[in-house]
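Take a look at the structure set out below.
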Amino acid sequence: MNPLLDIENLWVRFPTRQGTFDAVRGISFSLGRERLGIVGESGSGKSMTGRAILRLIRPPGIVEADHIKLGGVDLLEKSEKEMRDVRGERISMVMQDPKFSLNPVMTIGDQIIEAYRLHNKASKSTAWTKALEMLEAVSIRNPERVMRAYPHEMSGGMGQRIMIAMMLIPNPEILIADEPTSALDVSVQRQVLDIMDKLVKERGMGLIFISHDLNLVADFCDRVLIMYAGRIVEVCDADKLHDAQHPYTRGLLNSLPRLDTPRDRLDVLTRDPSWSDAPSVSGRA
Amino acid sequence: MALIEDNGKGRARASLPPWIQTAFLTIGSIAMTMLGLLFVTFIIGRVMPIDPVLAIVGERASQSTYDAVFLELGLDKPLIVQFAYYIWDVLHLDFGTSLLNARPVAEDIARVFPATLELATLGIFFGIVFGVPLGVVAAARKGSWIDQLARVLALVGYSMPIFWLGLMGLLIFYGILGWVGGPGRVGIFYVDVVPSVTGLILVDAALDGNWDVFKDAFSHIILPASLLGYYSLAYISRMTRSFMLEQLSAEYITTARVKGMSEWDVIWKHAFRNIRVQLITVIALSYATLLEGSVLTEIIFSWPGIGSYITTALLSADMNAVLGGTVVVGLIFILLNIFSDLLYKVFDPRAK
Amino acid sequence: MAEQTLREWLLTDTPTSRRHAKVSAFYQGWLSFRANTMAMIGLGILLALVLIAAAAPFLAPHDPFAQDLGNRLAPLGAEGHIFGTDSLGRDILSRLIYGARITLYIVALVALIAPVVGLLMGTVSGYVGGWVDIVLMRITDIFLAFPRLVLALAFVAALGAGIENAVIAISLTAWPPYARIARAETLTIRSSDYISAIQLQGAGGLRIITKHIWPLCISSLIVRVTLDMAGIILAAAGLGFLGLGAQPPSPEWGAMISEGRRFILDHWWVATMPGLAIFTVSLAFNLLGDGLRDVLDPKAGE
């Protein structure tokens, strides 16, 4: 089966006064109709990877790759204008905190309708109905009222469901979820994840789930890439994550408390400089 | 701030609807500021080395005339009573009579104010029309030549004495090139040709259908208005740029880009919508500055507005006129501030 | 070699004493400031201005007050008068050079008065809080509500025209923003843990304000004052231009423009030269202020 997305040798660079900083250093992976987790600590380059796929790294940042192929077509060869037809319509992204990722001075309805009408020639009333359906699909009660409300009137969990609705309304093939639940209360995290999972499955989409939360990813994804210092250090199936080999992954796992095997003292992660020098592991399925 | 804390106690006693409380707070705050403004002008009037009685009766008046006027002005009363009188008069728009031309100061101000209004309005119009897009583009293309240009324009604007730039403008565009009219609102042949309805010559001429006067008035106003426009452009474009930079780095901008919006729409439909509130405050502030303080510009261009009026009064020690003018100008400043606060509530859903 | 070690000593990551850390921080600030060409140009112009003002008697080719009615309104490049002469035949270059002294005098006085008043009002208001805060901030608001130049005009009218009164008037209109800044800084500092720590050690209010709050307010105030200097010079020149600042025959730049205004169409240089001088100096302050802001207060930039 052809993968939805195939990335070869991706670099993200930021020139600084002290020289070039490489946020992502030559990673390769592919994504099928699956749930792919990318895990790593902050600064490991996982978010940059997500944004680089959409070519949303702003200058002076530089994205380089041998290719980023979406359905066999290299995104890097597209003009900025052609790229706009990819964004939203074919690849979408949900970001961390709905408090910041929704425009505070536009009604929620206007923002969802805008997302729909950017890629579909539809009248306002059709778009309105579509948006209502979408809000219902993310289990928003009273969607009519929510459409007329402003983001600050929403709770975090609702905000994130609205965000998912907005990003899925053009019916994309791939959704990138960048820490979608990190800013939410623990009590609503599961609910938001379930909704996202259901929609992604129903539509047969590919999902890239970026998170720092190892257990969450192991639970939720099919396959996991573990990133460290801009490289992929290990790839494994999510259900076999607890048998991971790489010392970094082991270190991360051991630094987490577990209910089934309680310990008096948790390990502190010790970093080996050689990890960041080792070549990147291919993340192809 | 202070009043809000103060109101915390009031809320415990009686629970009025919030908007009434807000209204009370606003009115209270205006009243306090106005009172302070009047107090400062009052004090300035009292410490003036000029004897107000002598200024009225003249040097050679007899002692009895002097005493009569002294009592009439209430100068024998304690200062606090005098201050109360002063407030009472101001509330009735009575700023006393001008010592220079014996006319009521309020009348004089009503006569000169339209000239300032016309000039400042045209000036702020230029400032907005050129300053806002310049600031937006400078932020969107940070580091580009247009950003550099905006920076230099602003820097020069902040550093140039306005009266000197005005003189240079007159020298070049009037003296050498002859493209614009000289000082004054209209040329000498057009003075009082059209009936004064609004006091704004451009409007009056248009109402009258007298396009010769309109053209002449326009050639007179264009230079000082551009000058004021340039100064507000410097400020407005700088502020616009920094507001836009702040918004463009916000996460909802990324959301808009993820949706597949064009950069133009991202900037104008999303980012710009979020700076409207701050921008209104900045524009109100610069408009107030133009209304109050085109003093130097008005002098250079012999523009018979409130700035010229206050300065002339000052130089001839006409204290009633100076203080009246100052109070009116301060009042405008306060009103514009309130106006921008109100717009804030209209445009920002979070402020409700 | 010795210089090399000095540089290393200055750039160390592990200072050996408080003084060492201070000097080192200062040096690193200076390095990043030095990289800013525009700010260095501004600093250069201001240093030159100070030198010119100090050495005015040696630099000026003529007595700035010496009249020569036979040679009045001589054009640019006239013999012995590079910048020409004014309506009384006085050498414009010499008057500009002596005028630098007046400009520096005004700048120095305002820079001494306004921020100090603002700092006092702001820190007391922020630290004491309660009624004191309410009253002081109301006063600040009232002064802020006044149009600056008009207020300065009214003050000068009350106090009488003259350079010292102009300075007082400008200072009176310039302090409220400083008070606002100092108050805001005080409020953040006051609630920080280390202030509680020294309070527990028994430090009194006066000591906390003078030893712990003031030093932290200084850097944002310096930036603000430098950026305001251009405005102060322009305001002083404006008062001079209106005849309310320095009085004739003083070679104050604003007053010189006012004098040249009468001949602007035929003898443009009389008003142009002092205008260029004002422009240069206030531009220098703006450039310097921008550079200082980048070093001392990077957040405020963009």
Can we say B:Thr297 is farther than 26 Å from B:Gly199 by Cβ and buried (at least 19 other Cβ atoms within 10 Å of the Cβ)?
no
Residues that are touching a residue at least 12 places away in the same chain (Cβ under 8 Å) and either crowded, with 23+ Cβ neighbours inside 10 Å or facing chain C (nearest Cβ under 10 Å) (or both), drawn from the range B:310-319:
B:Ile310, B:Thr311, B:Ala313, B:Ala317, B:Asp318, B:Met319
Answer yes or no as to whether C:Leu283 is of a type in the set (A, V, I, L, M, F, W, C), in a helix (DSSP H, G or I) and at pLDDT 90 or above.
yes
Name the helices (runs of 4 or more DSSP H) wholly within the range B:96-211 that hold at least 3 residues that are surrounded by 15 or more Cβ atoms within 10 Å (Cβ to Cβ) and more than 14 Å from chain C (Cβ to nearest Cβ)?
B:105-140, B:201-208
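Rundown of residues vs (1) within 12 Å of chain C (Cβ to nearest Cβ); (2) more than 24 Å from A:Leu102 (Cβ to Cβ), yes/no style:
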{"position": "B:Lys269", "(1), (2)": "no, no"}
{"position": "B:Ile275", "(1), (2)": "no, no"}
{"position": "B:Ile280", "(1), (2)": "no, no"}
{"position": "B:Ile283", "(1), (2)": "no, yes"}
{"position": "B:Leu291", "(1), (2)": "yes, yes"}
{"position": "B:Leu296", "(1), (2)": "yes, yes"}
{"position": "B:Phe301", "(1), (2)": "yes, yes"}
{"position": "B:Gly305", "(1), (2)": "no, yes"}
{"position": "B:Ser308", "(1), (2)": "yes, yes"}
Restrict the check to the range C:151-165 and report whether at least one residue is surrounded by 21 or more Cβ atoms within 10 Å (Cβ to Cβ), more than 14 Å from chain B (Cβ to nearest Cβ) and under 18 Å from B:Gly36 (Cβ atoms).
no
Just one of B:Val193, B:Val186, B:Val137 is touching a His at 6+ places or on another chain (Cβ under 7 Å), farther than 30 Å from B:Phe42 by Cα and among the hydrophobic types (A, V, I, L, M, F, W, C); which is it?
B:Val186
Within the range C:171-216, the count of residues that are in contact with a Lys or Arg (Cβ under 9 Å, 6 or more places away or on another chain) and more than 14 Å from every other protein chain (Cβ to nearest Cβ) comes to 7
Can you name every residue in the range B:76-115 that is touching a Phe, Trp or Tyr at 6+ places or on another chain (Cβ under 8 Å) and under 22 Å from B:Pro183 (Cβ atoms)?
B:Asp108, B:Ile109, B:Val112, B:Ala115
Pair list, Cβ < 8 Å and 6+ apart or interchain, from the range B:90-113 residues that are not assigned by TED's automatic domain parsing to the domain that holds B:Leu54 to residues that are at pLDDT below 80 and part of a helix (DSSP H, G or I):
B:Leu99/B:Ala55; B:Leu99/B:Ile56; B:Leu99/B:Met319
Looking at (1) away from every other protein chain (no Cβ under 13 Å); (2) of a type outside the set (Gly, Ala, Ser); (3) free of Cβ contacts under 8 Å to residues at least 12 places away in the same chain, can you tell me which one A:Leu135 breaks?
(3)
Can you name every residue in the range C:1-51 that is under 17 Å from the mean Cα position of the chain (by Cα) and β-branched (Val, Ile, Thr)?
C:Ile41, C:Ile45, C:Val50
Of all residues being in contact with a strand residue (DSSP E or B) (Cβ under 7 Å, 6 or more places away or on another chain) and more than 7 Å from chain B (Cβ to nearest Cβ) in the range A:93-104, which is farthest from A:Arg145 (Cα to Cα)? Just the residue, please.
A:Gln96
Taking the condition of being buried (at least 23 other Cβ atoms within 10 Å of the Cβ) and either among the small types (Gly, Ala, Ser) or over 30 Å from B:Val186 (Cβ atoms) (or both), how many residues in the range B:320-352 meet it?
5
Give all pairs with beta carbons closer than 8 Å in which a residue from the range C:227-255 that is more than 10 Å from chain B (Cβ to nearest Cβ) and acidic (Asp, Glu) meets a residue that is surrounded by 24 or more Cβ atoms within 10 Å (Cβ to Cβ) and part of a loop (DSSP other than H, G, I, E, B); count only pairs at least 6 apart in sequence or on separate chains.
C:Glu252/C:Gly245; C:Glu252/C:Ala246
Determine if the range C:219-226 includes at least one residue that is crowded, with 20+ Cβ neighbours inside 10 Å, of a type in the set (Ser, Thr, Tyr) and not in a loop (DSSP other than H, G, I, E, B).
yes
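Okay, residues lined up against (1) within 12 Å of chain B (Cβ to nearest Cβ); (2) more than 21 Å from the chain's Cα centre (by Cα); (3) not hydroxyl-bearing (Ser, Thr, Tyr):
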residue	(1), (2), (3)
A:Ile91	yes, no, yes
A:Met106	yes, yes, yes
A:Asp110	yes, yes, yes
A:Ala115	yes, no, yes
A:Tyr150	yes, yes, no
A:Met158	no, no, yes
A:Ile162	yes, no, yes
A:Ala183	yes, no, yes
A:Leu199	no, no, yes
Filter the range C:173-196 down to residues that are without any contact (Cβ under 8 Å) to a residue 24 or more places away in the chain and surrounded by 14 or more Cβ atoms within 10 Å (Cβ to Cβ), then give me how many there are.
1
Residues of the range C:53-89 satisfying the condition of being more than 21 Å from C:Gly260 (Cβ to Cβ) and either in contact (Cβ under 8 Å) with a residue 40 or more places away in the chain or assigned to a helix (DSSP H, G or I) (or both):
C:Ala53, C:Ala54, C:Pro57, C:Phe58, C:Leu59
Of the conditions (1) touching a Lys or Arg at 6+ places or on another chain (Cβ under 6 Å); (2) surrounded by fewer than 21 Cβ atoms within 10 Å (Cβ to Cβ); (3) not acidic (Asp, Glu), the single one that B:Val258 does not satisfy is (2)
Within the bounds of the range B:253-262, is there any residue that is under 30 Å from B:Ala313 (Cβ atoms) and of a type in the set (Gly, Ala, Ser)?
no
Name the pairs whose Cβ atoms lie under 7 Å apart, with the first residue in the range C:25-39 and under 18 Å from C:Phe285 (Cα atoms), the second small (Gly, Ala, Ser) and outside any loop (DSSP other than H, G, I, E, B), and 6 or more positions between them or separate chains?
C:Phe33/C:Ala39; C:Phe33/C:Gly291; C:Asn36/C:Gly291; C:Met38/C:Gly291; C:Ala39/C:Gly291
Determine if the range A:60-79 includes at least one residue that is of a type outside the set (Phe, Trp, Tyr), out of contact with any His (no Cβ under 8 Å at 6 or more places or on another chain), facing chain B (nearest Cβ under 9 Å) and part of a helix (DSSP H, G or I).
no
Might you check whether a residue that is hydrophobic (A, V, I, L, M, F, W, C), more than 20 Å from C:Val167 (Cα to Cα) and more than 14 Å from every other protein chain (Cβ to nearest Cβ) occurs anywhere in the range C:268-282?
no
What are the residue pairs meeting all of these: first residue in the range A:168-181, first residue within 11 Å of A:Met134 (Cα to Cα), second residue part of a loop (DSSP other than H, G, I, E, B) and small (Gly, Ala, Ser), Cβ atoms under 8 Å, and 6 or more apart or on different chains?
A:Pro170/A:Gly88; A:Pro170/B:Gly260
Considering only the range B:243-260, I want to know if a residue exists there that is touching a Leu at 6+ places or on another chain (Cβ under 7 Å) and within 14 Å of chain C (Cβ to nearest Cβ).
yes
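The values are calculated or read from the model by the stated rules, or taken from the named source; none is laboratory data. Remember, predicted model here, so these are calculated numbers, not experimental data. Note that each Cβ is placed from the backbone with ideal geometry, even for glycine, and that neighbours are counted across all protein chains shown.
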